[in-house]
Amino acid sequence: MVVHKWTSLACTAFLLVICLTGLPLIFREEISDWLDDSSSRAELPADAPSADIDDLVAEARRRHPDMIVAAILIDDAKPQVVVWMASSWADFQDAGRRRFIKFDSRTGQVLGESGSGKSPGAAFVDWMLHLHADLFVGLGGELFLGVIGLLFVAAVVSGVVLYGPFMRKLAFGAVRQGQGSRIRWLDLHNLLGIVTLSWALVVGVTGVVNELTTPLFALWQRTDLRAVLAAQAGTPPTVPELSSLQAALAAVRGAMPDRFATSAAFPGSPYGTPHHYLIWTKGTTPLTARLLTPVMVDAHTGELREILTLPWYLRALEVSRPLHFGDYGGLPLKVIWALLDVVTITVLASGLYLWLSKRRQRDQVEVEAGRG
Amino acid sequence: MTTRNSAVWRWPIMLALLTVFGLLSALLGEGGVWWPLSWLALASPLVAIGACLAAGIDRTARH
């Protein structure tokens, strides 16, 4: 009882914020699409040929000659490529200082650019995401909310421990009427909590894992990626110019025909390596589409150097994402996710009510005892 | 009325198993029937809530 009370109380306020902001985030793709009209995209047949990625990168450089091209993102749902740029690599690590240009991946036409004011959809989703994941304070906020998530998991587990003895005298799902609102809400709290138990645990645990994204990737870069680079040392770039990214992507496709390249980090990137294009590929099944495989292509010779295997903790992180977001089973799954989230909000709110009403009762008893 | 331990946990365990099945079937199954199966399984806790509340209202109405 003590464990359930204090773990719950410590996390309830933040958890209410997380659950409420999570609600619109479940539908973030739909919200962005709905609020941001992309009708400027040309109507072309589905098999229209793609533009040369090198031309898009060159166009981005022409528009911002003072900036470095940091990464490209290839959308697999919409025909678009986003080129990310920044004044320096330090600036690129600061989300507020990154710039992007969005291209139609078939015509090469510019669809949008950062700095021209954030679209209302993107701004809303961004705001919700900060409140949900880092409280606007970056890594510190992420780790703090990770701890809140752990408290939530502890609250759920201790709640289950209390459920057994409590229900020994009651039928499953009984919500007693006519014995006051406290009893009714207590029964409702128990019912809603126990039926959504495993969903809440899965979303809670995967939420905690998601909050560890930054340190886990840093760990991988410092260990595995560094070891691969050390093994390749002694072959400094012989050609100063960068080789073709389009050719690098083609080399990756040749080596892994069943995978799709989703992004590429340019050499020198803090999220990449000094002399390679680090190209991230995804599979085609629902699960392998979540399990990314990075490929290192020498950014000077254009040679494919290494297909990397991610360690278990990054695999766990990758599997945690869909299980937290609920974005892997179509719109009906998202709706169910939202309803289960509303149930969780009710459990949190009723828990808070139960604690407050008990305190009020106790205060009353004390006042009456004082009078007596 | 005292309910035995096994009866207390029968429904919670059933719903927990259905939830886990629903969570995994859309992720591991490759399209086809796995998505609707996942929707049905994950909706089961919601259906259980609805059924329990409806039964409660019914009981109150009869009193």
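The values are calculated or read from the model by the stated rules, or taken from the named source; none is laboratory data. Treat the numbers as computed from the prediction; the structure is a model and nothing was measured. All Cβ positions, even for glycine, are placed from backbone atoms using ideal geometry, and neighbour counts span all protein chains on display. Accessible surface is based on the protein model in full, side chains and every heavy atom, while ligands, DNA and RNA are left aside. Shrake-Rupley method; radii C 1.70, N 1.55, O 1.52, S 1.80 Å.
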With charges only on Cβ, +1 for K and R and -1 for D and E, what is the dipole size of chain A about its Cα centre, in debye, rounded to 20?
1840
Across the residues of B:6-13, average count of Cβ atoms on other protein chains within 10 Å?
5
For the protein assembly as shown, what class follows from the C-alpha gyration tensor (a ≥ b ≥ c being the square roots of its eigenvalues): rounded when a/c is under 1.5, otherwise prolate if a/b is larger than b/c, else oblate?
prolate
Row for the range A:225-372, column shape: gyration tensor on C-alpha, a ≥ b ≥ c, rounded if a/c < 1.5 i.e. under 1.5, prolate if a/b over b/c, else oblate; value prolate
Can you list the residues, at least 5 places off or on another chain, whose amide H is less than 5 Å from the amide H of A:H276, using H built in the peptide plane?
A:G268, A:A299
Give the long-range amide H neighbours of A:F100: residues separated by 5 or more places, or on another chain, with amide H under 5 Å away, using H modelled in the peptide plane at 1.01 Å from N.
A:M85, A:S114
Work out how much length A:L170 to A:D52 would gain on full extension: take 0.36 nm times their residue separation and subtract the Cα-Cα distance, in nm to one decimal.
35.7 nm
Using a probe radius of 1.4 Å on protein heavy atoms only, what is the accessible area buried between chains B and A, both sides summed, to the nearest 100 Å²?
2900
Rounded if a/c is under 1.5, else prolate if a/b beats b/c, else oblate: with a ≥ b ≥ c from the C-alpha gyration tensor eigenvalues square-rooted, which is the range B:11-62?
prolate
Just the number, please: carbon plus sulfur as a percent of the accessible area of the range A:37-118, 1.4 Å probe, no ligands or DNA/RNA counted.
49
Per DSSP H run of n ≥ 4, the term is -39500 (n - 2.57); total these for chain A, divide by its residue number, and report the mean residue ellipticity at 222 nm rounded to 500 deg cm²/dmol.
-18000 deg cm²/dmol
Answer with one residue from A:L354, A:L20, A:A95: the one whose Cα lies farthest towards the positive end of the charge dipole of the protein assembly as shown, charges on Cβ with Lys, Arg +1 and Asp, Glu -1.
A:L354
Taking θ as phi - 60°, what are the ³J(HN,Hα) couplings along the range B:33-41 by the Karplus curve (6.51, -1.76, 1.60), each to the nearest whole Hz, with x for Gly and Pro?
7, 5, 5, x, 4, 4, 4, 4, 5
Along the range A:358-368, what does the Karplus equation 6.51 cos²θ - 1.76 cosθ + 1.60 (θ = phi - 60°) give for ³J(HN,Hα), rounded to whole Hz, x for Gly and Pro?
5, 4, 5, 4, 5, 4, 4, 4, 5, 4, 5
Can you give the alpha-carbon Rg of the range A:1-128 over 2.2 N^0.38 Å, where N counts its residues?
1.41
Could you tally the net charge around A:M256, taking each other residue with its Cβ under 13 Å from the Cβ of A:M256, Lys/Arg +1 and Asp/Glu -1?
+1
How far is it, in nm, from the label point at A:A369 to the one at A:W6 when both lie 7 Å from their Cα along the line to the Cβ?
2.1
At a threshold of 8 angstrom on Cα-Cα distance, excluding pairs fewer than six apart, so keeping six or more, what relative contact order does chain A reach in percent?
19
3J(HN,Hα) from dihedral phi, the range A:195-201, Karplus parametrisation 6.51/-1.76/1.60, rounded to Hz, x for glycine, proline
6, 9, 3, 6, 4, 4, 5
